[in-house]
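The block underneath contains the structure these notes are about, expressed in structure tokens.
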Amino acid sequence: MNIPFNKPYVTGKETHYIYQAISSGKISGNGIFTKKCQTFFEKRYSFLKTFLTTSCTDALEMCAILLDVSHGDEIIMPAYTFVSTANAFILRGAKIVFCDNEQDHPNIDANAIEELVTKKTKAIVVVHYGGVACDMDKIMDIADKYNLFVIEDAAQAVNAFYKDRPLGGIGHLATFSFHETKNISSGEGGMLIINDERFLERAEIIWEKGTNRTAFFRGEIDKYGWVDIGSSFLPSEITAAFLYAQLECIDELQEIRQSLWNTYDVTLRNRRSSFQLPMTPKFATHNSHIYYIICKSLSHRNRILGHLRKNDVHAVFHYQGLHESTFYKEKHDGRKLVNCDYYTNTLVRLPLFYELPISKVKDICNILLDEG
Ligand SMILES: *Cc1c(COP(=O)(O)O)cnc(C)c1O
């Protein structure tokens, strides 16, 4: 058996909707399928307003523009994340202040944030790792106390919850990813979520290259022009049509992922092993995005990854702490981030995708337990 880490799932309806988009004669952005996708999210999760984007990276860049982030501003975020979380703010001249992670979870340590706040702090960016909620009440309280914005990088967190609230609906702004490695995909794709009405009008303009074209199409003004900065953040209708087919199947996709995730968890929890299993805080209902284990050390991880590979199972590690990256190492203030370093060296993600049979998950568990 040769088990890849991920295999993107296609529901079958994608080509049908793409054909419809093409037949409609409009394939540029902000058409019928874009609206269908946005409405889906606004209705299902009660988000105030959503904008489909070409990627989560783009949606994060829109957040930085919306907050008027500029030179001298400080943005607090975890170092254990994907580069786009930081890049979006670096592009506008901000300084990134990296925060460590929880000791028992790769999410930002909510108790370590307050000591990093200065007069220059503008926002806190949280990342819901593996679709597991960060401690949002605590984080929103800090933001209120110091008058900061909160952005949820909810790239991995579609259909995941903090208490009874959907992730993406708590911070002032939030972003989703529909990259092919995520639960719901359009190959490349993303979404900006606006939860604070102060951002509504400008978001629409930034999305449309700095013009008020959307208001023009609604018939509110009789000609449109350049009114702000912006870029080309909207995807074509072909991407939106693909995404809509996936959204229609979200419950089925989630159910399958959940049964795979639970099979890993039950099988591994019932046996003695030398690695740690994922912890889900009580306030979080995750979306089965990642099943990971934590090894004892880097050499233990190398041994486990090598053993899995020898058995044709493609497990992978994840982020390298951004504070240690070639690009940011010199700019980082030098604080040690011990938990981040720990996840950098010890975390392993196991294969988890729609077409992976439950029986194979059990095989993978047995292979893992062989090595200890
Ligand atoms: C996947 C991911 C991104 C980037 O998403 P794209 O849609 O590929 O731009 C950003 N942040 C996190 C935490 C991610 O997992």
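None of the figures in this text is laboratory data; all of them are computed from the coordinates on show. These figures come from a predicted structure and were not determined experimentally. Neighbour counts are summed over all protein chains in view; Cβ atoms, including those assigned to glycine, are modelled from backbone coordinates with ideal geometry.
Observations
- For segment 276-284, backbone phi angles converted through the Karplus equation (6.51, -1.76, 1.60; θ = phi - 60°) give residue-by-residue couplings of 9, 9, x, 10, 10, x, 4, 6, 10 Hz, Gly and Pro being listed as x.
- Label-point gap, in nm, between residue 115 and residue 336 - each point 7 angstrom along Cα→Cβ: 1.3 nm
- Of 49/138; 122/209; 35/282; 122/296; 182/336, pairs whose Cα-Cα distance is over 29 Å: 35/282; 122/296; 182/336
- Cα-based helix-to-principal-axis angle, 237-248 vs the chain, degrees rounded to 10: 50 degrees
- Normalised by residue count, segment 26-84 yields a Cα convex hull volume of 130 Å³ per residue.
- Sites residue 92 and residue 282 - FRET efficiency at Förster radius 41 Å, r taken between beta-carbons, to 0.05: 0.65
- Coil-residue chymotrypsin sites (Phe, Trp or Tyr not before Pro) of segment 172-232, DSSP, other Cβ within 10 Å capped at 16: 224
- Residue 216-residue 324 FRET efficiency (beta carbon distance; Förster radius 45 Å; 0.05 resolution): 0.40
- Using a cutoff of 8 angstrom between alpha carbon atoms and counting only pairs six or more residues apart, the relative contact order for the chain works out to 23 percent.
- Using θ = phi - 60° and Karplus 6.51 cos²θ - 1.76 cosθ + 1.60, couplings along segment 224-235 (whole Hz; Gly, Pro as x): 10, x, 7, 10, 6, 6, x, 7, 8, 9, 8, x
- Between residue 35 and residue 231, the contour length at 0.36 nm per residue exceeds the alpha carbon distance by 68.6 nm.
- Within the chain, helix-based [θ] at 222 nm, where runs of 4 or more DSSP H residues each add -39,500 (n - 2.57), nearest 500: -11000 deg cm²/dmol
- Gaussian network model of the chain, springs between alpha carbon atoms under 10 Å - residue of 65, 22, 96 with greatest fluctuation: 22
- Rounded to 10°, Cα long-axis angle of helix 250-269 versus longest principal axis of the chain: 20 degrees
- Proximal charge balance of residue 73 [Cβ under 14 Å; K/R count +1, D/E count -1]: +3
- Its Cα centre serving as origin, the chain has a Cβ charge dipole (Lys and Arg +1, Asp and Glu -1) of approximately 620 debye.
- For segment 330-338, 3J(HN,Hα) per residue [Karplus equation, 6.51 cos²θ - 1.76 cosθ + 1.60, θ = phi - 60°, Hz, x = Gly/Pro]: 6, 8, 5, 6, x, 4, 6, 10, 5
- Relative to the longest principal axis of the Cα atoms of the chain, the long axis of helix 298-310 makes an angle of roughly 90 degrees.
- Listed residues 344, 181, 326, most fluctuating in the chain (Gaussian network, C-alpha, under 10 Å): 326
- Farthest toward positive dipole pole in the chain [+1 Lys/Arg, -1 Asp/Glu at C-beta], among 32, 279, 229: 279
- Longest to shortest principal axis, alpha-carbon extents of the chain, angstrom: 70, 53, 37
- Longest stretch of the chain clear of exposed loop sites (GluC sites (Glu not before Pro), DSSP loop, at most 13 other Cβ atoms within 10 Å, sites excluded): 1-219.
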